[in-house]
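Colleague: Take this structure first; my questions come after.
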Amino acid sequence: KEPRQVRKNPDQVAASLGAGAALLFLRFATTMAVFCIGHLLSQNGAFVGEGDAVMSIWARLIFFLLAQASANEFIALIMLQIARKVLGESRPFGAEMTLEERRSHDPTIPWPPKELLTNDLKAFCDRRGQPFFLNHVPAKRRMKDAFMRFGMTTGSVLAVVCTSRWMDKRTLSSLGLTLDAPFFVDMVIGLFVGVFIVGCMFFGELSAGWIHFLRFFEVFDRSERFATCIFWDVVFHLNVAVNEELPVRGWMLTNLAQSFGSLGLAPITAFICAMVAQSTFFVMMHLQSPGGTQVQSMVNIFVGGIAGGLNVLFTGGRLGFVLGWHFGWNISMGNIFGLSTSGIPISGTVVSVVPHPERARFHGGVFGPEGGVVAPFAYALGILLLWLIYGLPDGSALLAVR
(Lines give C-alpha, C1' and ligand atoms only; values in the text may rest on other atoms or scores of the structure.)
Protein backbone atom coordinates (compact mmCIF):
# COMPACT_ATOMS: atom_id res chain seq x y z
CA LYS A 1 0.00 0.00 0.00
CA GLU A 2 1.54 3.31 -1.06
CA PRO A 3 1.84 6.04 1.57
CA ARG A 4 -0.91 8.60 1.43
CA GLN A 5 0.15 11.87 -0.18
CA VAL A 6 -0.39 14.92 1.99
CA ARG A 7 -1.81 17.72 -0.12
CA LYS A 8 -0.43 21.12 0.73
CA ASN A 9 -2.72 24.05 1.11
CA PRO A 10 -1.94 26.50 -1.73
CA ASP A 11 -2.37 29.44 0.65
CA GLN A 12 0.16 27.94 3.08
CA VAL A 13 2.63 27.31 0.27
CA ALA A 14 2.24 30.89 -0.98
CA ALA A 15 2.68 32.24 2.55
CA SER A 16 5.85 30.17 3.06
CA LEU A 17 7.29 31.32 -0.25
CA GLY A 18 6.46 34.90 0.58
CA ALA A 19 8.07 34.68 4.02
CA GLY A 20 11.19 33.09 2.53
CA ALA A 21 11.49 35.70 -0.19
CA ALA A 22 11.00 38.47 2.38
CA LEU A 23 13.74 37.02 4.57
CA LEU A 24 16.17 36.82 1.66
CA PHE A 25 15.35 40.37 0.58
CA LEU A 26 15.87 41.63 4.14
CA ARG A 27 19.27 39.94 4.35
CA PHE A 28 20.21 41.29 0.92
CA ALA A 29 19.07 44.82 1.77
CA THR A 30 20.98 44.78 5.06
CA THR A 31 24.16 43.61 3.33
CA MET A 32 23.87 46.21 0.59
CA ALA A 33 23.19 48.98 3.12
CA VAL A 34 26.29 48.09 5.17
CA PHE A 35 28.57 47.98 2.12
CA CYS A 36 27.14 51.14 0.53
CA ILE A 37 27.47 53.15 3.74
CA GLY A 38 31.02 51.89 4.20
CA HIS A 39 31.95 52.85 0.64
CA LEU A 40 30.43 56.32 0.97
CA LEU A 41 32.26 56.95 4.25
CA SER A 42 35.56 55.85 2.71
CA GLN A 43 35.06 58.17 -0.29
CA ASN A 44 34.15 61.19 1.87
CA GLY A 45 37.18 60.89 4.13
CA ALA A 46 35.08 60.30 7.25
CA PHE A 47 36.86 59.26 10.46
CA VAL A 48 40.25 60.24 9.03
CA GLY A 49 42.31 62.27 11.48
CA GLU A 50 44.77 65.01 10.60
CA GLY A 51 47.96 63.59 9.18
CA ASP A 52 46.40 60.12 8.82
CA ALA A 53 46.25 58.36 5.47
CA VAL A 54 43.45 55.96 6.40
CA MET A 55 40.31 55.89 8.53
CA SER A 56 40.42 55.29 12.25
CA ILE A 57 40.98 51.64 13.14
CA TRP A 58 37.77 51.65 15.18
CA ALA A 59 35.69 52.77 12.20
CA ARG A 60 37.36 50.22 9.95
CA LEU A 61 36.95 47.46 12.52
CA ILE A 62 33.24 48.19 13.04
CA PHE A 63 32.60 48.25 9.30
CA PHE A 64 34.59 45.06 8.77
CA LEU A 65 32.68 43.13 11.45
CA LEU A 66 29.30 44.36 10.21
CA ALA A 67 30.17 43.68 6.58
CA GLN A 68 31.43 40.19 7.33
CA ALA A 69 28.43 39.29 9.51
CA SER A 70 25.80 40.55 7.06
CA ALA A 71 27.47 39.09 3.96
CA ASN A 72 28.07 35.75 5.70
CA GLU A 73 24.43 35.40 6.75
CA PHE A 74 23.02 36.38 3.37
CA ILE A 75 25.30 34.25 1.17
CA ALA A 76 25.16 31.28 3.56
CA LEU A 77 21.36 31.36 3.38
CA ILE A 78 21.54 31.41 -0.43
CA MET A 79 23.89 28.41 -0.39
CA LEU A 80 21.54 26.53 1.96
CA GLN A 81 18.75 26.89 -0.61
CA ILE A 82 21.07 25.53 -3.31
CA ALA A 83 22.06 22.56 -1.14
CA ARG A 84 18.41 21.74 -0.48
CA LYS A 85 17.66 21.80 -4.20
CA VAL A 86 20.63 19.54 -4.97
CA LEU A 87 19.35 17.07 -2.35
CA GLY A 88 15.85 17.21 -3.81
CA GLU A 89 14.23 18.65 -0.70
CA SER A 90 10.96 20.50 -1.12
CA ARG A 91 11.23 23.37 1.32
CA PRO A 92 10.00 26.93 0.81
CA PHE A 93 12.68 28.95 -0.96
CA GLY A 94 14.44 31.33 1.39
CA ALA A 95 13.50 29.49 4.55
CA GLU A 96 15.85 29.70 7.54
CA MET A 97 17.67 26.66 8.91
CA THR A 98 15.32 24.16 10.48
CA LEU A 99 15.83 22.76 13.98
CA GLU A 100 17.10 19.55 12.40
CA GLU A 101 19.64 21.48 10.33
CA ARG A 102 20.84 23.37 13.39
CA ARG A 103 21.44 20.28 15.50
CA SER A 104 25.05 19.34 16.07
CA HIS A 105 24.12 15.70 16.63
CA ASP A 106 21.60 13.27 15.12
CA PRO A 107 20.24 11.16 18.01
CA THR A 108 18.74 8.60 15.61
CA ILE A 109 22.20 7.32 14.62
CA PRO A 110 22.91 4.19 16.71
CA TRP A 111 26.41 4.58 18.09
CA PRO A 112 28.69 3.20 19.42
CA PRO A 113 28.29 -0.51 18.60
CA LYS A 114 28.18 -2.31 21.95
CA GLU A 115 30.02 -5.35 20.65
CA LEU A 116 33.15 -3.22 20.13
CA LEU A 117 33.14 -1.72 23.62
CA THR A 118 35.00 -2.96 26.67
CA ASN A 119 32.93 -4.11 29.63
CA ASP A 120 33.50 -0.90 31.61
CA LEU A 121 32.37 1.23 28.65
CA LYS A 122 29.24 -0.87 28.03
CA ALA A 123 27.94 0.28 31.40
CA PHE A 124 27.62 3.84 30.06
CA CYS A 125 25.54 2.96 26.97
CA ASP A 126 22.21 3.22 28.77
CA ARG A 127 22.85 6.69 30.11
CA ARG A 128 20.68 9.46 28.73
CA GLY A 129 22.06 12.08 26.36
CA GLN A 130 25.48 11.63 24.80
CA PRO A 131 27.61 9.73 27.30
CA PHE A 132 30.41 9.41 24.71
CA PHE A 133 30.32 13.10 23.66
CA LEU A 134 30.94 12.80 19.90
CA ASN A 135 28.55 14.48 17.45
CA HIS A 136 27.52 12.46 14.39
CA VAL A 137 25.30 13.41 11.44
CA PRO A 138 24.69 11.98 7.93
CA ALA A 139 26.76 13.13 4.94
CA LYS A 140 23.67 14.89 3.54
CA ARG A 141 23.77 17.22 6.53
CA ARG A 142 27.52 17.75 6.12
CA MET A 143 26.89 18.66 2.51
CA LYS A 144 24.58 21.46 3.66
CA ASP A 145 27.21 22.55 6.19
CA ALA A 146 29.85 22.63 3.43
CA PHE A 147 27.64 24.70 1.11
CA MET A 148 26.85 27.17 3.89
CA ARG A 149 30.48 27.41 4.96
CA PHE A 150 31.42 28.20 1.36
CA GLY A 151 28.87 30.99 1.52
CA MET A 152 30.46 32.28 4.71
CA THR A 153 33.90 32.12 3.12
CA THR A 154 32.63 34.13 0.17
CA GLY A 155 31.19 36.72 2.55
CA SER A 156 34.43 36.93 4.51
CA VAL A 157 36.54 37.37 1.38
CA LEU A 158 34.16 40.06 0.14
CA ALA A 159 34.37 41.92 3.47
CA VAL A 160 38.19 41.69 3.53
CA VAL A 161 38.53 42.86 -0.09
CA CYS A 162 36.19 45.82 0.31
CA THR A 163 37.62 46.93 3.66
CA SER A 164 41.18 46.63 2.37
CA ARG A 165 40.60 48.52 -0.89
CA TRP A 166 38.22 51.20 0.35
CA MET A 167 39.55 51.96 3.81
CA ASP A 168 42.97 50.38 4.38
CA LYS A 169 44.38 51.13 0.91
CA ARG A 170 45.86 47.63 0.98
CA THR A 171 46.03 44.67 -1.36
CA LEU A 172 45.26 41.08 -0.35
CA SER A 173 48.91 40.19 -0.83
CA SER A 174 49.84 42.72 1.88
CA LEU A 175 47.62 40.71 4.26
CA GLY A 176 49.60 37.55 3.55
CA LEU A 177 47.46 36.09 0.75
CA THR A 178 50.32 36.25 -1.73
CA LEU A 179 49.35 33.09 -3.69
CA ASP A 180 52.93 32.70 -4.95
CA ALA A 181 55.20 29.65 -4.83
CA PRO A 182 56.45 30.24 -1.23
CA PHE A 183 52.81 30.63 -0.11
CA PHE A 184 51.83 27.19 -1.41
CA VAL A 185 55.02 25.60 -0.09
CA ASP A 186 54.15 27.05 3.32
CA MET A 187 50.65 25.63 3.00
CA VAL A 188 51.90 22.09 2.36
CA ILE A 189 54.37 22.31 5.25
CA GLY A 190 51.65 23.65 7.54
CA LEU A 191 49.33 20.83 6.50
CA PHE A 192 51.85 18.16 7.53
CA VAL A 193 52.66 19.96 10.78
CA GLY A 194 48.95 20.19 11.66
CA VAL A 195 48.37 16.49 10.98
CA PHE A 196 51.52 15.50 12.88
CA ILE A 197 50.74 17.36 16.09
CA VAL A 198 47.14 16.10 16.11
CA GLY A 199 48.50 12.59 15.64
CA CYS A 200 50.71 13.12 18.69
CA MET A 201 47.67 14.18 20.71
CA PHE A 202 45.71 11.17 19.49
CA PHE A 203 48.34 8.59 20.42
CA GLY A 204 48.91 10.32 23.75
CA GLU A 205 45.22 10.13 24.65
CA LEU A 206 44.96 6.56 23.37
CA SER A 207 47.95 5.37 25.40
CA ALA A 208 46.58 7.13 28.50
CA GLY A 209 43.26 5.28 28.19
CA TRP A 210 41.20 8.44 27.70
CA ILE A 211 39.86 7.17 24.36
CA HIS A 212 39.17 3.61 23.16
CA PHE A 213 39.79 2.34 19.62
CA LEU A 214 36.77 0.81 17.84
CA ARG A 215 37.60 0.17 14.17
CA PHE A 216 38.82 1.64 10.89
CA PHE A 217 36.80 3.41 8.19
CA GLU A 218 33.53 4.02 9.97
CA VAL A 219 30.49 5.65 8.37
CA PHE A 220 27.87 6.58 10.93
CA ASP A 221 24.93 6.41 8.52
CA ARG A 222 25.39 2.94 7.00
CA SER A 223 23.41 3.90 3.89
CA GLU A 224 26.15 6.34 2.83
CA ARG A 225 29.56 5.89 1.23
CA PHE A 226 32.78 6.63 3.08
CA ALA A 227 34.26 8.68 0.19
CA THR A 228 31.17 10.91 0.08
CA CYS A 229 31.36 11.58 3.81
CA ILE A 230 35.04 12.49 3.69
CA PHE A 231 34.61 14.65 0.59
CA TRP A 232 32.07 16.97 2.20
CA ASP A 233 34.11 17.23 5.39
CA VAL A 234 37.19 18.17 3.34
CA VAL A 235 35.21 20.89 1.54
CA PHE A 236 33.83 22.11 4.85
CA HIS A 237 37.19 22.35 6.60
CA LEU A 238 38.93 23.97 3.63
CA ASN A 239 36.37 26.74 3.87
CA VAL A 240 36.69 26.92 7.66
CA ALA A 241 40.42 27.55 7.31
CA VAL A 242 39.96 30.39 4.82
CA ASN A 243 36.87 31.80 6.56
CA GLU A 244 38.73 32.11 9.87
CA GLU A 245 42.35 32.75 8.92
CA LEU A 246 41.95 35.44 6.25
CA PRO A 247 39.77 37.74 8.43
CA VAL A 248 41.50 37.05 11.77
CA ARG A 249 45.17 36.32 11.07
CA GLY A 250 45.10 38.26 7.81
CA TRP A 251 43.05 41.44 8.09
CA MET A 252 42.66 41.83 11.85
CA LEU A 253 46.19 40.92 12.97
CA THR A 254 47.85 43.05 10.29
CA ASN A 255 45.74 46.16 10.76
CA LEU A 256 45.75 46.00 14.57
CA ALA A 257 49.54 45.64 14.58
CA GLN A 258 49.80 48.70 12.35
CA SER A 259 47.36 50.62 14.53
CA PHE A 260 49.18 49.80 17.77
CA GLY A 261 52.44 50.74 16.08
CA SER A 262 51.03 54.16 15.16
CA LEU A 263 50.60 54.83 18.88
CA GLY A 264 54.37 54.82 19.28
CA LEU A 265 54.75 51.21 20.45
CA ALA A 266 57.79 49.23 19.41
CA PRO A 267 57.08 46.81 16.52
CA ILE A 268 57.31 43.69 18.72
CA THR A 269 55.08 45.26 21.39
CA ALA A 270 52.53 46.34 18.77
CA PHE A 271 52.49 42.84 17.30
CA ILE A 272 52.02 41.21 20.72
CA CYS A 273 49.08 43.52 21.48
CA ALA A 274 47.56 42.66 18.10
CA MET A 275 48.03 38.94 18.77
CA VAL A 276 46.25 39.20 22.12
CA ALA A 277 43.36 41.11 20.52
CA GLN A 278 42.86 38.71 17.61
CA SER A 279 43.19 35.69 19.93
CA THR A 280 40.45 37.12 22.14
CA PHE A 281 38.24 37.53 19.07
CA PHE A 282 39.12 33.95 18.05
CA VAL A 283 37.81 32.73 21.41
CA MET A 284 34.57 34.67 20.89
CA MET A 285 34.12 32.96 17.52
CA HIS A 286 34.08 29.55 19.24
CA LEU A 287 31.75 30.36 22.16
CA GLN A 288 28.68 29.02 20.33
CA SER A 289 30.33 25.66 19.69
CA PRO A 290 29.30 22.76 21.98
CA GLY A 291 31.58 23.03 25.03
CA GLY A 292 33.03 26.32 23.81
CA THR A 293 32.16 28.21 27.02
CA GLN A 294 34.18 25.91 29.27
CA VAL A 295 37.16 27.68 30.82
CA GLN A 296 39.66 25.11 29.58
CA SER A 297 38.26 25.35 26.04
CA MET A 298 38.49 29.15 26.03
CA VAL A 299 42.05 29.12 27.35
CA ASN A 300 43.15 26.58 24.76
CA ILE A 301 41.50 28.44 21.88
CA PHE A 302 43.22 31.63 23.05
CA VAL A 303 46.57 29.82 23.02
CA GLY A 304 45.68 28.49 19.56
CA GLY A 305 45.09 32.06 18.40
CA ILE A 306 48.53 33.05 19.69
CA ALA A 307 50.02 30.08 17.85
CA GLY A 308 48.24 31.21 14.67
CA GLY A 309 49.70 34.70 15.05
CA LEU A 310 53.18 33.26 15.46
CA ASN A 311 52.62 31.17 12.31
CA VAL A 312 52.21 34.41 10.37
CA LEU A 313 55.17 36.10 12.06
CA PHE A 314 57.63 33.22 11.58
CA THR A 315 56.73 32.89 7.88
CA GLY A 316 57.30 36.57 7.10
CA GLY A 317 53.67 37.66 7.06
CA ARG A 318 52.37 34.97 4.68
CA LEU A 319 49.15 33.09 5.46
CA GLY A 320 50.07 29.84 3.69
CA PHE A 321 51.45 28.01 6.72
CA VAL A 322 48.60 28.94 9.07
CA LEU A 323 46.01 27.96 6.45
CA GLY A 324 47.68 24.57 6.00
CA TRP A 325 48.05 24.06 9.76
CA HIS A 326 44.39 24.97 10.39
CA PHE A 327 43.07 22.64 7.70
CA GLY A 328 45.42 19.79 8.65
CA TRP A 329 44.53 20.18 12.34
CA ASN A 330 40.76 20.11 11.73
CA ILE A 331 40.50 17.41 9.07
CA SER A 332 42.87 15.02 10.87
CA MET A 333 41.28 15.53 14.27
CA GLY A 334 37.75 14.87 13.07
CA ASN A 335 38.01 12.66 9.99
CA ILE A 336 41.29 10.78 10.39
CA PHE A 337 41.46 10.21 14.15
CA GLY A 338 37.72 10.43 14.88
CA LEU A 339 37.92 13.04 17.63
CA SER A 340 35.69 16.05 18.21
CA THR A 341 36.89 19.28 16.60
CA SER A 342 35.33 22.14 18.59
CA GLY A 343 32.13 20.08 18.72
CA ILE A 344 31.81 19.95 14.91
CA PRO A 345 29.83 16.85 13.83
CA ILE A 346 31.34 14.22 11.54
CA SER A 347 29.75 11.69 9.18
CA GLY A 348 32.75 9.40 8.63
CA THR A 349 36.27 8.83 9.94
CA VAL A 350 39.32 6.73 9.12
CA VAL A 351 39.86 5.77 12.77
CA SER A 352 36.81 5.41 14.98
CA VAL A 353 37.29 5.89 18.71
CA VAL A 354 35.09 6.40 21.74
CA PRO A 355 36.10 8.87 24.47
CA HIS A 356 35.86 7.57 28.03
CA PRO A 357 32.86 9.20 29.79
CA GLU A 358 34.81 9.66 33.03
CA ARG A 359 37.88 11.26 31.41
CA ALA A 360 36.20 14.34 29.95
CA ARG A 361 38.40 16.77 31.90
CA PHE A 362 41.41 15.21 30.19
CA HIS A 363 40.19 14.65 26.59
CA GLY A 364 37.92 17.71 26.44
CA GLY A 365 34.48 16.08 26.26
CA VAL A 366 32.18 17.30 23.50
CA PHE A 367 34.59 20.12 22.53
CA GLY A 368 37.34 17.57 21.90
CA PRO A 369 41.11 17.83 22.42
CA GLU A 370 40.98 21.61 22.00
CA GLY A 371 39.21 21.59 25.37
CA GLY A 372 41.54 19.03 26.95
CA VAL A 373 44.82 19.12 28.80
CA VAL A 374 47.02 18.08 25.87
CA ALA A 375 46.19 20.96 23.50
CA PRO A 376 48.68 23.52 24.97
CA PHE A 377 51.50 21.00 24.54
CA ALA A 378 50.39 20.37 20.94
CA TYR A 379 50.48 24.09 20.18
CA ALA A 380 53.93 24.31 21.77
CA LEU A 381 55.12 21.39 19.64
CA GLY A 382 53.78 23.14 16.54
CA ILE A 383 55.65 26.34 17.39
CA LEU A 384 58.82 24.33 18.02
CA LEU A 385 58.50 22.73 14.57
CA LEU A 386 57.80 26.17 13.09
CA TRP A 387 61.03 27.48 14.64
CA LEU A 388 63.03 24.46 13.43
CA ILE A 389 61.72 24.88 9.87
CA TYR A 390 61.81 28.68 9.49
CA GLY A 391 64.10 29.88 12.27
CA LEU A 392 63.43 32.85 14.54
CA PRO A 393 61.86 35.90 12.86
CA ASP A 394 63.85 39.11 12.55
CA GLY A 395 62.82 42.72 12.25
CA SER A 396 61.92 42.35 8.59
CA ALA A 397 59.28 39.78 9.54
CA LEU A 398 57.60 42.34 11.82
CA LEU A 399 57.62 44.87 9.01
CA ALA A 400 56.09 42.29 6.66
CA VAL A 401 53.18 41.69 9.06
CA ARG A 402 52.62 45.43 9.42
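The values are calculated or read from the model by the stated rules, or taken from the named source; none is laboratory data. Computed from a prediction, not measured in an experiment: that's the story for all the values here. No Cβ is skipped: glycine too gets one built from the backbone with ideal geometry, and neighbour counts run over all protein chains shown. Keep in mind that these areas ignore ligands, DNA and RNA; they rest on the heavy atoms of the full protein, side chains included. Shrake-Rupley method; radii C 1.70, N 1.55, O 1.52, S 1.80 Å.
Colleague: Which chymotrypsin sites (Phe, Trp or Tyr not before Pro) from the range 24-107 combine a DSSP loop assignment with at most 15 other Cβ atoms within 10 Å?
Modeller: PHE93
Colleague: Considering only protein heavy atoms, what per residue accessible area in square angstrom results for the range 108-201 with a 1.4 angstrom probe?
Modeller: Here the residues of the range 108-201 average 47 Å² of exposed surface.
Colleague: Sorted by average packing, counted as other Cβ atoms within 10 angstrom per residue and highest first, what order do 39-45, 278-284 take? Please list the in-between numbers first.
Modeller: Numbers: 39-45: 13.4, 278-284: 18.6.
With the highest mean Cβ count within 10 Å placed first, the list reads 278-284, 39-45.
Colleague: Moving on. Run the numbers for LYS114 and ALA181: contour at 0.36 nm per residue of separation, minus the present Cα-Cα distance, in nm.
Modeller: Extending this stretch completely gives an extra 19.2 nm.
Colleague: On to the next question. With a ≥ b ≥ c taken as the square roots of the eigenvalues of the C-alpha gyration tensor of the range 266-402, please select rounded if a/c is under 1.5 and otherwise prolate if a/b is larger than b/c or oblate if it is not?
Modeller: Prolate, because a/c is 1.5 or more and a/b exceeds b/c.
Colleague: Which residues in the range 61-80 place their backbone N less than 16 Å from a point set 7 Å from the Cα of ALA29 along the Cα-to-Cβ direction?
Modeller: Within reach of a label on ALA29: 74.
Colleague: While we're here: Cut-off 12 Å, label point 7 angstrom out along Cα-to-Cβ of SER173: give me the residues of the range 297-319 whose amide nitrogen falls inside.
Modeller: Once the point is set 7 Å along Cα→Cβ of SER173, nothing inside the range 297-319 turns out to lie under 12 Å by backbone N.
Colleague: Based solely on its DSSP helices, what 222 nm [θ] is calculated for the chain when runs of n ≥ 4 H residues each add -39,500 (n - 2.57) and the sum is averaged over all residues, nearest 500 deg cm²/dmol?
Modeller: Rounded to the nearest 500, it is -20000 deg cm²/dmol.
Colleague: Here's another thing I want to ask about it. Please report the carbon-and-sulfur percent of the accessible area for the range 28-171; probe 1.4 Å, protein heavy atoms only, DNA, RNA and ligands left out.
Modeller: 61 percent
Colleague: Given H placed on each backbone N at 1.01 Å, which residues far from VAL353 in sequence or on other chains put an amide H within less than 5 Å of it?
Modeller: For VAL353, whose amide H was placed from the backbone, the distant partners under 5 Å are LEU214.
Colleague: Any idea how far apart ILE389 and CYS36 come out in nm if each label point goes 7 Å out from Cα toward Cβ?
Modeller: My value for the distance between the label points is 4.6 nm.
Colleague: For LYS85 and LEU287, calculate 0.36 nm times their separation in residues minus their Cα-Cα distance, and state this gained length in nm to one decimal.
Modeller: So the chain would gain 69.6 nm between LYS85 and LEU287.
Colleague: Where does each of 257-265, 136-144 land if you order them by average Cβ count within 10 Å, highest first? Walk me through the numbers on the way to the answer.
Modeller: On the way: 257-265: 17.1, 136-144: 22.2.
Ranked by mean Cβ neighbours within 10 Å, highest first: 136-144, 257-265.
Colleague: Quote the FRET efficiency, to the nearest 0.05, computed for GLU96 versus ARG165 with a Förster distance R0 of 41 Å and r equal to the Cβ-Cβ distance. Mind dumping the intermediate values first?
Modeller: On the way: r = 32 Å, r/R0 = 0.78.
FRET efficiency, GLU96 to ARG165: 0.80.
Colleague: What number of lysine-lysine pairs in the chain show an alpha-carbon separation below 27 angstrom, given a sequence spacing of 8 or more or placement on distinct chains?
Modeller: Lysine pair count for the chain: 7.
Colleague: Round to a whole number: what % of the accessible area of the range 311-402 belongs to carbon and sulfur, probe 1.4 Å?
Modeller: Ligands and nucleic acids excluded, carbon and sulfur reach 69 percent.
Colleague: Something else about it: Can you give me the accessible area per residue for the range 236-340, using a 1.4 Å probe, in Å²?
Modeller: With all protein chains present, the range 236-340 gives 29 Å² per residue.
Colleague: Output the antiparallel fraction of DSSP beta bridges having both residues in the chain, as a percent to the nearest 5.
Modeller: Just about 90 percent of them are antiparallel.
Colleague: Determine the gain in length on full extension of the stretch PHE203-VAL234; use 0.36 nm per residue of separation and subtract their C-alpha separation, reporting nm with one decimal.
Modeller: Using 0.36 nm per residue and subtracting the Cα-Cα distance, I get 8.9 nm.
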